[in-house]
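Visitor: Provided herewith is a single structure, encoded as structure tokens, for subsequent inquiry.
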Amino acid sequence: MNATTTKFAQFGFDYTRFRFGLRTGSAACLALFLAWALGLEHPQWAAMTVWSVSQPTRGLLLEKAGFRALGTIIGTSVGILIVILTQDITLLAGLMLTLWVVACVYTSTLLHGLLSYGAVLAGYSASMVVLLTRTSDALLHIGVDRFVTVMLGILTALVIGWLFTYKRAEQTLVNKVRRQTAANLQLLSKAFAQGSIEKLPVHDHITQLAHLETQLIDHGSGSPSAHLSAKLLRRLLNAQLGIFAQLETLHFSGARLTPYPELSEALQTCAQAIIDNDPKRMRATVIALHPFVAKTPVAEAFFEFEHAATERLAFRGSGAAAQSVRTPSVLLHRDWRGAKESALRTFAVMALISILWAITGWAPLAFLLLGASVMLTLFSTAENPAKTMYFVFIGQAAGAILALSIQAFLWPHTNSIFTMLLCLVPIVLLAGIPMAHNRTSPGSMDFILVFLLLMQPNLHYEFDAVQSISIALAVTAAPLLAMASYKLLFPTNLRSRQRHLLQALERELQDIEQRSLTKQQLERYRARFYHRLFKLYKIADKLDFNAKLTAARWLLRVQQDLNKHQSTQTA
């Protein structure tokens, strides 16, 4: 930690986040004035896009920008279609939009990473077109404006982000995996030295693997090479989980490992080579394990680790996978029940708002519907969305108050769009400061996004207190409504997500019990089981001791069933 980072940390700031926020704020200001120079009606949308799409690493920035563009194109097209079909009939427009957003949230819950993000964008991009179109005559204009401002924001974020993002940031996860692999081999060395895993923190090491596994989706963004890198790292993590699972199964069955000093020493040597980050020694010491582990009851699991490590080292040396080692496809966990519950929750809330909007004709309800479409899609996959909504509300309320203050006290004294935008610059530029502080970081992104959403510049501006306050209240009511829905309609938290995982594991174990699996099918099931176990361990780490015991019991049960199928194939 250098002197600058230490100084920032003394005041509660994260220096990396501060640099990221300052860079993003500068890019947002640039996009704001570029959109104004191009004569776009909603220049603030370009700045919002910059804040939404900017990322700390190049690969993630590039791929997120691509999925935002794709989601915007699909969502804008659907929004235009809805307005054309409904012809200013409020109830019909609201219900058609609700059905589209429901489809998007269902899809996004089943997908992973930026594919999920793209589905969410397709949902609320349609909302912005449908709900911010004043008349059907303005449809094409609002659609084109939405599309161009988003594309301009994406392009600005890409250029600025690419110029000022460290290349070495991409290797952070790789180094973490390398260090954790070395620590795991050292733990295994102790196990074979004493002939037992008793009193060794095996489950703590599995938890560390689980936390690394969740970062693979971001690591695999930006290029085919990055995707392959993430796939090989996942295989390496799965192989280590397999070794630990086999050792736990042996220990639970009462069998003891035979003390094996030669293997213990070989594992220590391999771990040291990994710590020293010497590719040649790593490859040699991994291969040197083979004759030793072949004499152990966990030989198959070790061989999988050998293959995964060899493949990863080949990729590191050439940027491509070795042809001699097949990389099996991985089936990840999909939360079908969670997707169904999210879809039903979204339908109930958005349909209710649509009906109230149609009955009352109160225009600010369109902004409430817009906010609800964002809150119920973007945060549906959060670990505890109701808790997240609290911070979102605080951030949005602060952004709305600041927006109203500028609208009331500064904008009436301006005489051009340019000067109106100048009033926004200090806020947009310095929004990264609360993002960098540990206390204000939650909700800081919502602060700047709602601030920009409410700041629509126009010539001859006059502050309408009733309308402006009504719109601000409608927008900030959305997270409160979403919080209530997350608590009351299919309550969603870590406990419920743990329950869904256990039910999915139970169903799939019963499914394979009734099937005769080929070797390839068993490999694919094993990969999905391990992915679910990683998620279970990650959740347990945030809950309590009983949750950790549950994860350990399911690790044993899953591995015992997999071993049963493995022995059937061997026979």
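Visitor: Determine one quarter of the surface area of the Cα convex hull of the range 494-570, which equals its mean projected area, and express it in nm² to one decimal.
Guide: If you wrap the Cα atoms of the range 494-570 in a convex hull and average its projections, you get 4.6 nm².
Visitor: In Å², what does the accessible area per residue of the range 170-325 work out to with a 1.4 Å probe?
Guide: Numbers: 6900 Å² over 156 residues.
Here the per-residue accessible area is 44 Å².
Visitor: So for the range 420-555, considering every pair of alpha-carbon atoms, how many percent are separated by more than 23 Å?
Guide: Summing the P(r) tail past 23 Å for the range 420-555 gives 62 percent.
Visitor: Could you tell me which residue out of Tyr530, Ala478, Met445 lies farthest along the dipole of the range 445-571 toward its positive end? Charges go on the beta carbon: Lys and Arg +1, Asp and Glu -1, centred on the Cα centre.
Guide: Tyr530
Visitor: Now, a different point. In Å and on Cα atoms, what radius of gyration and Dmax does the chain show?
Guide: 26.7, 85
Visitor: Based solely on its DSSP helices, what 222 nm [θ] is calculated for the chain when runs of n ≥ 4 H residues each add -39,500 (n - 2.57) and the sum is averaged over all residues, nearest 500 deg cm²/dmol?
Guide: That calculation yields -26000 deg cm²/dmol at 222 nm.
Visitor: Just need the Rg to Rh number for the range 21-138, please, alpha carbons only, Kirkwood Rh.
Guide: Over the Cα atoms of the range 21-138, Rg/Rh equals 1.02.
Visitor: In the full protein assembly as shown, how much of Glu265 is accessible to a 1.4 Å probe, in Å² to the nearest 10?
Guide: We get 130 Å² for Glu265.
Visitor: Then there is this: Using Cα centres only, tell me the gap between the range 338-375 and the range 421-485 in whole Å.
Guide: Value for the Cα centre distance between the two parts: 20 Å.
Visitor: Let me ask you something else. For every other residue with a beta carbon closer than 11 angstrom to the beta carbon of Ala239, add +1 if it is Lys or Arg and -1 if Asp or Glu, then tell me the sum.
Guide: Local charge sum for Ala239: 0.
Visitor: Which one of Ile243, Met389, Ala255 has its Cα pushed farthest toward the positive end of the charge dipole of the chain, where Lys and Arg give +1 and Asp and Glu give -1 at the Cβ?
Guide: Going by the charge dipole, the pick is Ala255.
Visitor: Using 0.36 nm per residue, how much length does the chain from Glu265 to Gln503 gain when fully extended, once their Cα-Cα distance is taken away? Don't jump to the answer; show the numbers that get you there.
Guide: Numbers: separation 238, 0.36 × 238 = 85.68 nm, distance 4.17 nm.
Taking 0.36 nm per residue and subtracting the Cα distance, the gain is 81.5 nm.
Visitor: If you don't mind, there's one more thing I want to ask. What fraction, in whole percent, of alpha-carbon pairs in the range 140-229 exceed 17 Å separation?
Guide: Everything past 17 Å amounts to 68 percent.
Visitor: Something else about it: Can I get the semi-axes of the range 416-465's equivalent ellipsoid? Compute them from the C-alpha gyration tensor as square roots of 5 times the eigenvalues, in angstrom, largest first.
Guide: Largest first, the range 416-465 gives 26, 12, 7 Å.
Visitor: Also, quick follow-up: Kindly provide the chymotrypsin sites (Phe, Trp or Tyr not before Pro) of the range 462-571 that DSSP labels as loop, not H, G, I, E or B, and whose Cβ sees at most 15 other Cβ atoms within 10 Å.
Guide: Values: sites: Phe463, Tyr486, Tyr525, Phe529, Tyr530, Phe534, Tyr537, Phe545, Trp554; in loops: Phe463.
Within the range 462-571, the qualifying chymotrypsin sites (Phe, Trp or Tyr not before Pro) (loop, at most 15 other Cβ atoms within 10 Å) are Phe463.
Visitor: When a/c is below 1.5 the answer is rounded, else prolate if a/b is larger than b/c, else oblate, so apply that to the range 459-519 with a ≥ b ≥ c taken from the square roots of the Cα gyration tensor eigenvalues.
Guide: Since a/c reaches 1.5 and a/b is larger than b/c, the shape of the range 459-519 is classed as prolate.
Visitor: If you build the Cα gyration tensor of the range 57-205 and take the root of 5 times each eigenvalue, what three semi-axes come out, in whole angstrom, biggest first? Present the calculation step by step, with values, prior to reporting the outcome.
Guide: Working: eigenvalues 465, 91, 11 Å².
For the range 57-205, the semi-axes come out at 48, 21, 7 Å.
Visitor: A follow-up question, please. Probe radius 1.4 Å, ligands and nucleic acids ignored: give me the carbon and sulfur share of the accessible area of the chain as a rounded percent.
Guide: After summing per-atom areas, the C and S share lands at 63 percent.
Visitor: Treat every Asp and Glu Cβ in the chain as -1 and every Lys and Arg Cβ as +1, leave all other atoms uncharged, and give the resulting dipole magnitude about the Cα centre to the nearest 20 debye.
Guide: It works out to roughly 1380 debye.
Visitor: On to the next question. P(r) tail for the range 170-325, what percent of Cα pairs lie past 21 Å? Intermediate values should be presented prior to the final figure.
Guide: Details: 5075 of 12090 pairs.
More than 21 Å apart: 42 percent of the Cα pairs in the range 170-325.
Visitor: While we're on this one: Dipole size in debye (nearest 20) for the range 170-325 around its Cα centre, Lys and Arg Cβ +1, Asp and Glu Cβ -1?
Guide: Numbers: 15 positive and 14 negative charges, 41 e Å.
I would put it at about 200 debye.
Visitor: Can I ask one more? Computed over the Cα atoms of the range 1-70, what is the convex hull's projected area averaged over all directions, in nm²? Walk me through the numbers on the way to the answer.
Guide: Values: hull surface 23.8 nm².
Computing the convex hull of the Cα atoms and averaging its projections yields 5.9 nm².
Visitor: Per-residue HN-Hα couplings for the range 266-278, Karplus 6.51 cos²θ - 1.76 cosθ + 1.60 at θ = phi - 60°, whole Hz, x for Gly and Pro?
Guide: 3J(HN,Hα) across the range 266-278, in whole Hz: 5, 5, 5, 5, 5, 4, 5, 4, 5, 4, 6, 6, 9.
Visitor: Set the bar at 23 Å for Cα to Cα. Now go through Lys199/Lys548; Lys295/Lys538; Lys231/Lys535 and name every pair that lies beyond it.
Guide: Checking Cα-Cα distances, Lys295/Lys538 exceed 23 Å.
Visitor: Here's another thing I want to ask about it. Gain in length, Leu91 to Ile417, computed as 0.36 nm per residue apart minus the alpha-carbon separation, to one decimal in nm?
Guide: Here the answer is 113.9 nm.
Visitor: Need the C-alpha centroid separation for the range 263-285 versus the range 290-313, integer Å.
Guide: 14 Å
Visitor: What ranking, highest mean first, results for peptides 334-343, 68-77, 487-496 when packing means the other Cβ atoms within 10 Å averaged over each residue?
Guide: 68-77, 334-343, 487-496
The values are calculated or read from the model by the stated rules, or taken from the named source; none is laboratory data. Being a predicted model, the structure only gives us computed values, none of them experimental. With ideal geometry, Cβ positions are generated from the backbone for all residues, glycine too; neighbour counts draw on all protein chains shown. Remember, those area values only see protein heavy atoms, side chains included, never the ligands or the DNA or RNA. Shrake-Rupley method; radii C 1.70, N 1.55, O 1.52, S 1.80 Å.
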